[in-house]
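The values are calculated or read from the model by the stated rules, or taken from the named source; none is laboratory data. Keep in mind it's a predicted model, so treat the numbers as computed, not measured. With ideal geometry, Cβ positions are generated from the backbone for all residues, glycine too; neighbour counts draw on all protein chains shown.
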Amino acid sequence: MPATITIATGAPLCRNPRVVKEAGALAEADYRVTVLRPVLSADWAARDAEIAASAAFGVVTTADLTSPAPAPLAFRAERFAAMRGFRQLPALAPRALGYGVKRTVRLARQLGADLTIGHQEVGLAVADALARDGLRTGVDIEDWYSQDLLPEARLHRPVGWLARAERAAVRRGGMAVTTSQALAGALAEASGGPVPGVVYNVFPWSDRAALDGLARDRAEGDGRLPSLHWVSQTIGPGRGLEALCDALALVVTPVDLHLRGDVSAADEAWLRARFPAARGHRLHLHGLVPPGELLSRIAEHDIGLALEATDPPSRDLTVTNKLFHYLLGGLAVVATRTAGQAEIASAVPDAISTCEPDDAASLAAAIEGLVQDPARLAAARAAALTAARNTFCWERQQATVLDRVAAALAAPPVGNRRHAS
């Protein structure tokens with residue numbers, strides 16, 4: 001009888017590709033896998049249905065915010081009350097982390113899997129509860145949850161509970177993984193536990209087979225300036241674009257800057273006023289595209305911009321998936337020298353040029369060094385593809401997940417810890 005695995009997360013499948021890849025790899029390894037996830041919008045539900053239709057794992061809905069009332073109101077009320085009451089009633093803290101946390105824990109207990117793995121904050125709460133029941137659990141710590149967000153955004157966040165649950169999860173060891181060596185080391189130091197395994201936020205090398213070869217961002221016949229690509233959910237102030245515009249004002253070689261994301265009319269006007277077009281640079285704005293198309297659009301460009309902040313600590317220590325998407329697309333990368341991104345840059349220095357955070361001169365030098373030297377740019381793009389194929393792809397990284405899961409399943413259950421100190 002194959003071992004059973006439950007993966008619990010607080011995000012839809014379409015917004016949590018790490019869960020989809022992990023569940024798929026475990027199912028291919030002949031485990032019986034069930035994913036617990038919420039439904040947060042009709043659009044995301046439709047995209048989840050497409051993923052689930054071809055998946056080799058089962059999907060169970062926890063909280064459905066699109067269902068007829070009163071269920072969505074109850075889920076929202078549960079979270080709202082917990083966010084404002086956890087300081088007076090600490091037992092409410094896990095319910096402040098997402099929708100339907102109590103139900104997610106109950107479903108995980110009912111499934112009674114041989115191993116339950118938690119993703120994101122909701123998954124951490126599920127793993128914490130089941131570990132206290134004495135069941136086998138694991139965690140995939142995608143961000144340093146207790147060290148995430150700026151102070152003003154942490155007001156209704158149970159940071160103390162998160163820190164305790166993170167420490168406990170890391171000390172349990174076994175199936176504990178995270179997104180960078182830098183974050184793994186910080187988690188181990190904070191908890192006094194073993195160093196978690198590292199599974200980077202990479203994509204399958206096989207995704208390149210679906211490249212469409214179309215020129216939708218860069219028009220055919222247009223004058224071919226070196227092309228820079230930047231992507232975020234939203235285009236506007238406070239996302240590093242100020243420093244990027246200041247840097248381009250120092251770049252002598254004309255470039256095309258392509259920004260991808262949602263943008264308001266006011267923010268577009270602000271950006272165009274700030275952009276140094278007088279230097280010969282050209283600005284192009286693009287809307288977001290479906291996840292299955294993004295790699296094709298990235299691959300049209302020459303350089304990917306991975307410009308990140310170093311505060312809060314989670315942003316400094318993690319490595320976002322955009323950097324790995326750029327490598328897979330065959331782009332040279334200009335990346336802020338955060339602890340996480342410096343880790344990848346040190347592994348593939350020919351593909352990734354780094355710059356200091358919020359330093360326009362440093363960013364300009366990194367860009368100029370590539371765009372003024374076509375041979376160096378071509379070599380960097382080739383090095384990116386080599387790195388993606390040989391190291392930074394899911395086909396390579398999934399081995400860590402499989403090894404950690406096998407070890408966790410081979411270990412005996414920990415016994416009931418509900419009343420342990």
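For every residue, the table says whether it meets (1) in contact with a strand residue (DSSP E or B) (Cβ under 7 Å, 6 or more places away or on another chain); (2) modelled with pLDDT under 95; (3) in the same structural domain as residue 20 (by TED's automatic domain parsing).
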position: 274; (1), (2), (3): no, no, no
position: 280; (1), (2), (3): no, no, no
position: 286; (1), (2), (3): yes, no, no
position: 291; (1), (2), (3): no, yes, no
position: 303; (1), (2), (3): yes, no, no
position: 310; (1), (2), (3): no, yes, no
position: 316; (1), (2), (3): no, no, no
position: 330; (1), (2), (3): no, no, no
position: 337; (1), (2), (3): yes, no, no
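The requirement of being surrounded by fewer than 22 Cβ atoms within 10 Å (Cβ to Cβ), modelled with pLDDT of 95 or more, over 18 Å from the mean Cα position of the chain (by Cα) and within 26 Å of residue 378 (Cβ to Cβ) is satisfied by residue 227. When 53, 23, 11, 27 are checked against the criterion of being farther than 25 Å from residue 177 by Cβ and out of contact with any Cys (no Cβ under 9 Å at 6 or more places or on another chain), 53 stands alone in meeting it. Checking the stated criteria, residue 167 turns out not to satisfy the condition of being over 20 Å from residue 20 (Cα atoms) and in contact with a Leu (Cβ under 8 Å, 6 or more places away or on another chain).
Among the residues here, residue 105 does not qualify as crowded, with 21+ Cβ neighbours inside 10 Å, in contact with a Gly (Cβ under 8 Å, 6 or more places away or on another chain), part of a helix (DSSP H, G or I) and of a type outside the set (Lys, Arg). For segment 317-328, a residue qualifies if it is buried (at least 19 other Cβ atoms within 10 Å of the Cβ), touching a residue at least 40 places away in the same chain (Cβ under 8 Å) and not basic (Lys, Arg), and the qualifying residues are 317, 318, 319, 324, 325, 326, 327, 328. All of (1) surrounded by 14 or more Cβ atoms within 10 Å (Cβ to Cβ); (2) at pLDDT below 95 hold for residue 58 with one exception: (2).
So which residues in segment 59-81 are free of Cβ contacts under 8 Å to residues at least 40 places away in the same chain and of a type in the set (A, V, I, L, M, F, W, C)? Within segment 59-81, 65, 69, 71, 73, 74, 75, 77, 80, 81 qualify. Restricting segment 176-224 to residues that are surrounded by 17 or more Cβ atoms within 10 Å (Cβ to Cβ) and polar (S, T, N, Q), which is farthest from the chain's Cα centre (by Cα)? Ranking the candidates gives 191 first.
Looking at residue 63, is it at negative phi and not in a strand (DSSP E or B)? When the stated conditions are applied, residue 63 does not pass them. Evaluate segment 70-80: report whether one residue or more is in the same structural domain as residue 405 (by TED's automatic domain parsing), at pLDDT below 95, aliphatic (A, V, I, L, M) and not in a helix (DSSP H, G or I). For segment 70-80, residues in the same structural domain as residue 405 (by TED's automatic domain parsing), at pLDDT below 95, aliphatic (A, V, I, L, M) and not in a helix (DSSP H, G or I): absent.
Tell me, please, whether a residue that is in the same structural domain as residue 303 (by TED's automatic domain parsing), in contact with a Phe, Trp or Tyr (Cβ under 6 Å, 6 or more places away or on another chain) and surrounded by fewer than 22 Cβ atoms within 10 Å (Cβ to Cβ) can be found in segment 230-250. Looking through segment 230-250, at least one residue is in the same structural domain as residue 303 (by TED's automatic domain parsing), in contact with a Phe, Trp or Tyr (Cβ under 6 Å, 6 or more places away or on another chain) and surrounded by fewer than 22 Cβ atoms within 10 Å (Cβ to Cβ). The single condition from (1) on the phi > 0 side of the Ramachandran plot; (2) within 20 Å of the chain's Cα centre (by Cα) that residue 387 fails is (1).
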